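The values are calculated or read from the model by the stated rules, or taken from the named source; none is laboratory data. All values derive from a computational prediction rather than experimental measurement. Here Cβ is always computed from backbone atoms with ideal geometry, including for glycine, and neighbour counts include all displayed protein chains.
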Amino acid sequence: MSRRAVLEVIALGVEDAVAARAGGADRLELVTDMAADGLTPTVAAFAGIRDAVDIPLRVMLRLADGFGAGDVDRLAGVAGELRGAGAEEFVLGFLGADGGVDLAAVERVVGEIEGCRWTFHRAIDHAVDRDALRKQLDGLPGLDTYLTAGSAAGVDDGLPTLLAEAARGGEPGYEQRLLVGGGLRLEHVPRLRAVGVDAFHIGGAARPEGWGRPVSVGAVAEWRGVLDGG
């Protein structure tokens, strides 16, 4: 029997977090500033959400738009502050100018989060070589998930890549969980579930009225029902 699918929802604040939890989310990705595709929230924002809900929180470590690490010293400091405030799970991912993984930046930040679990986010969808990136990151402490649409353009274009990568689960570099997100729609779910994908990430899909409105309990509940086979 396949394990229960994980539903991760983007939360910008306490209202989002409470609604997502009520709708059946298993985990939240905490970010701010979706105009920049999601940046690191403040320690105060993290603490407020942590006090409001009892589900795992993955905190974004990203200080500016794009996939470059930027000021790595500052980023490492922010990661340390969040860890000190009680954050236990994170999201990160950095590419160099050549489109390959910025391994030095990743290793520096991972060193600050002390073995905590973390997701390498959709920077993988913008890398010049996904397979090389996975193999370079293989073995880093705490890396347990790749958030990916299979393509920079989204799941519609990336579905063949996602299906192929799911089939490689267990190979070196492919042992981490696939968390599918980025243009994900409910109609994608059956094909992904059929090949063993069991983690799904939604942002806009949890907000039928747009990013200017909070997460909808009903929208999250609809996803929960589909993932549970309802």
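Quick one: is VAL220 of a type in the set (A, V, I, L, M), within 20 Å of the chain's Cα centre (by Cα) and in a loop (DSSP other than H, G, I, E, B)?
Working: of a type in the set (A, V, I, L, M): yes; within 20 Å of the chain's Cα centre (by Cα): yes; in a loop (DSSP other than H, G, I, E, B): no.
So VAL220 fails the test.
Check whether at least one residue in the range 160-183 is loosely packed, with under 14 Cβ neighbours inside 10 Å, within 23 Å of ALA25 (Cα to Cα), under 18 Å from the mean Cα position of the chain (by Cα) and charged (D, E, K, R), and report yes or no.
No, because not a single residue in the range 160-183 is loosely packed, with under 14 Cβ neighbours inside 10 Å, within 23 Å of ALA25 (Cα to Cα), under 18 Å from the mean Cα position of the chain (by Cα) and charged (D, E, K, R).
Filter the range 35-44 for residues that are modelled with pLDDT of 95 or more, part of a helix (DSSP H, G or I) and surrounded by fewer than 16 Cβ atoms within 10 Å (Cβ to Cβ) and give the result. Even if it seems obvious, please write down each step before you answer.
Step one: filter the range 35-44 for residues modelled with pLDDT of 95 or more, giving 38-44.
Filter once more, so that each one left must be part of a helix (DSSP H, G or I): 43-44.
Within the range 35-44, just ALA44 meets the criteria.
Let's see how each residue does on (1) touching a helix residue (DSSP H, G or I) at 6+ places or on another chain (Cβ under 9 Å); (2) over 20 Å from TYR146 (Cβ atoms); (3) in contact (Cβ under 8 Å) with a residue 24 or more places away in the chain:
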{"site": "ASP37", "(1), (2), (3)": "yes, no, yes"}
{"site": "VAL53", "(1), (2), (3)": "yes, yes, yes"}
{"site": "ARG58", "(1), (2), (3)": "no, no, yes"}
{"site": "LEU63", "(1), (2), (3)": "yes, yes, yes"}
{"site": "ALA69", "(1), (2), (3)": "yes, no, yes"}
{"site": "VAL72", "(1), (2), (3)": "yes, yes, yes"}
{"site": "GLU81", "(1), (2), (3)": "yes, yes, yes"}
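So which of ALA153, ALA194, ALA219 is of a type in the set (A, V, I, L, M), surrounded by 14 or more Cβ atoms within 10 Å (Cβ to Cβ) and on the phi < 0 side of the Ramachandran plot?
Of the residues listed, the single one that is of a type in the set (A, V, I, L, M), surrounded by 14 or more Cβ atoms within 10 Å (Cβ to Cβ) and on the phi < 0 side of the Ramachandran plot is ALA219.
If a residue counts only when it is closer than 21 Å to GLY70 by Cα, which helices (runs of 4 or more DSSP H) contained entirely in the range 85-199 have at least 2 such residues? I'd like the intermediate steps shown before the answer.
On the way: elements: 103-112, 130-137, 155-167, 189-194.
By residue number, 103-112, 130-137.
Only residues that are outside any helix (DSSP H, G or I) and more than 16 Å from ARG213 (Cα to Cα): list them for the range 6-29, please.
Taking the range 6-29 and keeping what is outside any helix (DSSP H, G or I), we get 6-13, 24-29.
VAL6, LEU7, GLU8, GLY24, ALA25, ASP26, ARG27, LEU28, GLU29 - these are the residues of the range 6-29 that are outside any helix (DSSP H, G or I) and more than 16 Å from ARG213 (Cα to Cα).
Which residue, of GLY66, GLY84, is closer than 29 Å to GLU209 by Cα and either aromatic (Phe, Trp, Tyr) or surrounded by fewer than 19 Cβ atoms within 10 Å (Cβ to Cβ) (or both)?
GLY66
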